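Following: one structure in structure tokens, then a few remarks.
The values are calculated or read from the model by the stated rules, or taken from the named source; none is laboratory data. Because the structure is a prediction, the values reported are computed rather than measured. Here the Cβ positions follow ideal geometry from the backbone for every residue, glycine too, while neighbour counts run over all protein chains shown. The accessibility values were calculated without ligands, DNA or RNA, using every heavy atom of the protein model including side chains. Shrake-Rupley method; radii C 1.70, N 1.55, O 1.52, S 1.80 Å.
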Amino acid sequence: MVDLHMHSKCSDGTLEPEELVQLAKKRGVQVIALTDHDSVDGLERAGKEAEKQGVILVNGIEFSTSYFGKEVHILGYFLDLTDEFFLGKLEELKIERGNRTVKILKKLSDRGLPLTMEEVLMEVTGPVVSRTHVANAMMKKGYVYTRSEAFRQYIGEGGSAYVAKTIISPNEAVRLIRKNGGIAAIAHPKLIGMGREKVLSLIDELIGDGLDALETYYPGYSNEDIKFYEGVCKEKGLLTTGGSDYHGLNREGVEIGDMNVPFEVYEDLKDRFLQRKTSIESL
Ligand code: AMP
Ligand code: MN
Ligand code: MN
Ligand code: MN
């Protein structure tokens with residue numbers, strides 16, 4: 001069993017990279033991908049622990065991108081961590097996250113909910129600041145009872161203090177991952193706030209950029225959703241992927257390995273990665 005989607009303290013999860021690996025081992029998960037938001041900072045530490053524990057670690061990432069005002073998340077797997085161009089882009093994205101947080105705090109304050117950057121930074125556990133941290137800070141201030149209330153009312157799409165991230169499109173993220181040599185997938189396509197028709201046309205567009213897979217196994221997907229996205233993958237020559245999107249205490253009710261994603265899903269992704277690598281090297 002594998003789990004190809006989870007977050008550590010290096011973005012908005014609550015476990016250290018090593019602790020994620022240990023938990024995976026305890027729960028009988030053979031392969032994990034650590035996919036922090038816009039960050040590869042936890043991978044080296046997770047990799048060392050994975051070797052110790054006999055767990056396979058896939059070097060992953062989850063890019064936050066913007067597509068005509070809608071949030072689209074793109075997963076990357078089997079990343080080359082020595083790619084300076086790639087690492088440079090991640091630095092730009094981290095700076096944008098800081099700037100966006102300043103704008104969110106301004107909007108919140110305009111709405112009578114003052115929150116300082118220091119109060120948000122108290123919640124941040126690594127190199128990436130996320131709206132999850134803003135939501136946690138809002139809960140501490142007593143502005144909301146739950147994280148989902150913070151997103152629904154204020155900082156989520158459609159909320160009164162929403163600020164989009166704008167500097168990277170899903171197309172660019174897919175190309176960036178492919179240029180790095182990695183495998184690119186659309187994360188939780190069902191959660192993209194546009195209908196299936198539009199998601200299908202986005203999929204076609206991203207195939208043109210080098211898309212490899214769709215996240216077909218994800219918490220909250222119905223059997224019908226899974227069948228639908230499996231069908232889309234088959235029809236369009238894409239691979240499937242899946243995982244829990246584990247965030248530790250920052251997302252209740254989700255555990256590592258929850259989706260019971262079969263080992264073959266990992267093998268197929270790895271085969272595609274290796275085949276491509278071999279064909280590039282033999283040029
Ligand atoms: P950001 O990366 O700063 O854009 O924040 C996005 C993160 O916020 C996601 O990865 C989730 O972990 C979290 N999130 C998004 N929507 C919700 C929600 N409705 N309730 C709780 N957490 C959410
Ligand atoms: Mn998150
Ligand atoms: Mn996501
Ligand atoms: Mn995620």
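Only one of the listed residues (96, 91) is free of Cβ contacts under 8 Å to residues at least 40 places away in the same chain, within 21 Å of the chain's Cα centre (by Cα) and in a helix (DSSP H, G or I). That residue is 91.
Only one of the listed residues (121, 108, 115) is open to solvent by 20 Å² or more (accessible area, probe 1.4 Å) and farther than 30 Å from residue 202 by Cα. That residue is 121.
Considering 260, 223, the condition of being open to solvent by 80 Å² or more (accessible area, probe 1.4 Å), more than 16 Å from ligand 2 (Cβ to nearest atom) and under 22 Å from residue 200 (Cα atoms) is satisfied by 223 alone. In segment 168-184, the condition of being under 22 Å from residue 1 (Cβ atoms), hydroxyl-bearing (Ser, Thr, Tyr) and out of contact with any His (no Cβ under 6 Å at 6 or more places or on another chain) is met by no residue.
Taking helices (runs of 4 or more DSSP H) as the structural unit, those lying wholly within segment 147-223 and holding at least 3 residues that are of a type outside the set (Ser, Thr, Tyr), in contact with a helix residue (DSSP H, G or I) (Cβ under 6 Å, 6 or more places away or on another chain) and modelled with pLDDT of 95 or more correspond to 170-180, 196-209. Restricting the search to strands (runs of 3 or more DSSP E) fully inside segment 1-76 and requiring at least 2 residues that are polar (S, T, N, Q) gives 61-67. Can you find even one residue in segment 55-76 that is away from ligand 3 (no atom under 14 Å from the Cβ), surrounded by fewer than 16 Cβ atoms within 10 Å (Cβ to Cβ) and farther than 22 Å from residue 138 by Cα? Yes, segment 55-76 contains a residue that is away from ligand 3 (no atom under 14 Å from the Cβ), surrounded by fewer than 16 Cβ atoms within 10 Å (Cβ to Cβ) and farther than 22 Å from residue 138 by Cα.
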